[in-house]
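A short write-up of the structure that comes next.
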Amino acid sequence: MEKRVVSGHDILYLQQDMREFELYGTVRAVICIFDSLNYVLREEEIAEVFRLVCNYLDPGGVFVFDVNTCYKYEQLGDTTIAENREDASFIWENCYDRERQINEYGLTLFIRGEDGRYEKHEEVHEQRAYPIPVLLKLLSENGLEPVAVYDAFTHEPATEESERVCVAARECKKEE
C-alpha cells in the first residue's frame, strides 16, 4: 500500500481465494507467482481458477503464472534440508507422494526477535505437481490459449528437467 501511495497510481488490491475470486470488471493481465497454483490440490479447482481468470481478462488479455514441476518434487523426494542464517534458521522436512503427486513439507523456523531470542514457528504445506500437458489442456478448455512455457527465470523453453516453469497464456474466447 505504501508503494501505491508513492507511485500515485490508483491500484486496487484485493485478497481473495483464487478458486473463487471476483473482480469489479476486466483487466489486461493476471499474474500468479511463487508457485501459488501448486497449493491448489485438485484438478477441477485449477480448472475453475483458469475459468475465472479467463472471465476477468480483457479480450486478448494475458495470464502469466509459475509452478513447481513434477521433476522438482521427484528430485526433492524424501529429504531434509536445514540452513542456519544470521537472523533465522530453518529445518525443511520434505515428503513426495508420486502416486498422488502431492508434496508435503514440514517447515520449522527459528526467527530471532528484537530481544535476540529465537522464536520457533512450525508450518505444514501441501503442494501438488501438475504435469505441464495437463495444465496446458486445462488452460485451453477454459478459454485461454497457451503461448509459451519457459524454464523459470530464463527465456529458454522448459525441458523435462525444469524445476519451475513460467507459463504465458492469453484470453482467446471473447471478441476484441
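The values are calculated or read from the model by the stated rules, or taken from the named source; none is laboratory data. The model shown is predicted, which means the values in this text are computed figures rather than measured ones. When we count neighbours, we look across all protein chains shown, and the Cβ atoms used for this are built from the backbone with ideal geometry, even at glycine. Surface areas here come from the heavy atoms of the whole protein model, side chains and all, with no ligands, DNA or RNA. Shrake-Rupley method; radii C 1.70, N 1.55, O 1.52, S 1.80 Å.
I'd like the full set of residues that are open to solvent by 50 Å² or more (accessible area, probe 1.4 Å) and closer than 17 Å to residue 128 by Cα, limited to region 18-40.
Hits for region 18-40 are 18, 19, 33, 34, 39.
Looking only at helices (runs of 4 or more DSSP H) that fall completely inside region 1-78, which ones have 1 or more residues that are modelled with pLDDT of 95 or more?
Answer list for region 1-78: 43-56, 70-76.
Report yes if residue 132 is among the aliphatic types (A, V, I, L, M) and surrounded by fewer than 16 Cβ atoms within 10 Å (Cβ to Cβ), otherwise no.
Working: among the aliphatic types (A, V, I, L, M): yes; surrounded by fewer than 16 Cβ atoms within 10 Å (Cβ to Cβ): no.
No, not satisfied.
Check region 111-124 and report whether any residue there is touching a residue at least 60 places away in the same chain (Cβ under 8 Å), of a type outside the set (Phe, Trp, Tyr) and open to solvent by less than 80 Å² (accessible area, probe 1.4 Å).
Of region 111-124, the ones touching a residue at least 60 places away in the same chain (Cβ under 8 Å) are none.
Checked region 111-124: no residue is touching a residue at least 60 places away in the same chain (Cβ under 8 Å), of a type outside the set (Phe, Trp, Tyr) and open to solvent by less than 80 Å² (accessible area, probe 1.4 Å).
When residues of region 70-92 are filtered for being hydroxyl-bearing (Ser, Thr, Tyr), without any contact (Cβ under 8 Å) to a residue 60 or more places away in the chain and open to solvent by less than 70 Å² (accessible area, probe 1.4 Å), how many remain?
Here is the first cut: in region 70-92, the ones hydroxyl-bearing (Ser, Thr, Tyr) are 71, 73, 79-80, 89.
Subset that is without any contact (Cβ under 8 Å) to a residue 60 or more places away in the chain: 73, 79-80, 89.
With the extra rule that they be open to solvent by less than 70 Å² (accessible area, probe 1.4 Å), the set shrinks to 73, 79, 89.
Looking only at that region, the number is 3.
Search region 8-22 for residues that are within 22 Å of residue 41 (Cα to Cα) and pair each with any residue that is modelled with pLDDT under 90 and open to solvent by 70 Å² or more (accessible area, probe 1.4 Å) when their beta-carbon atoms are under 9 Å apart and the residues are at least 6 apart or on different chains.
Short answer, once both residue conditions are applied: 21/14; 22/14.
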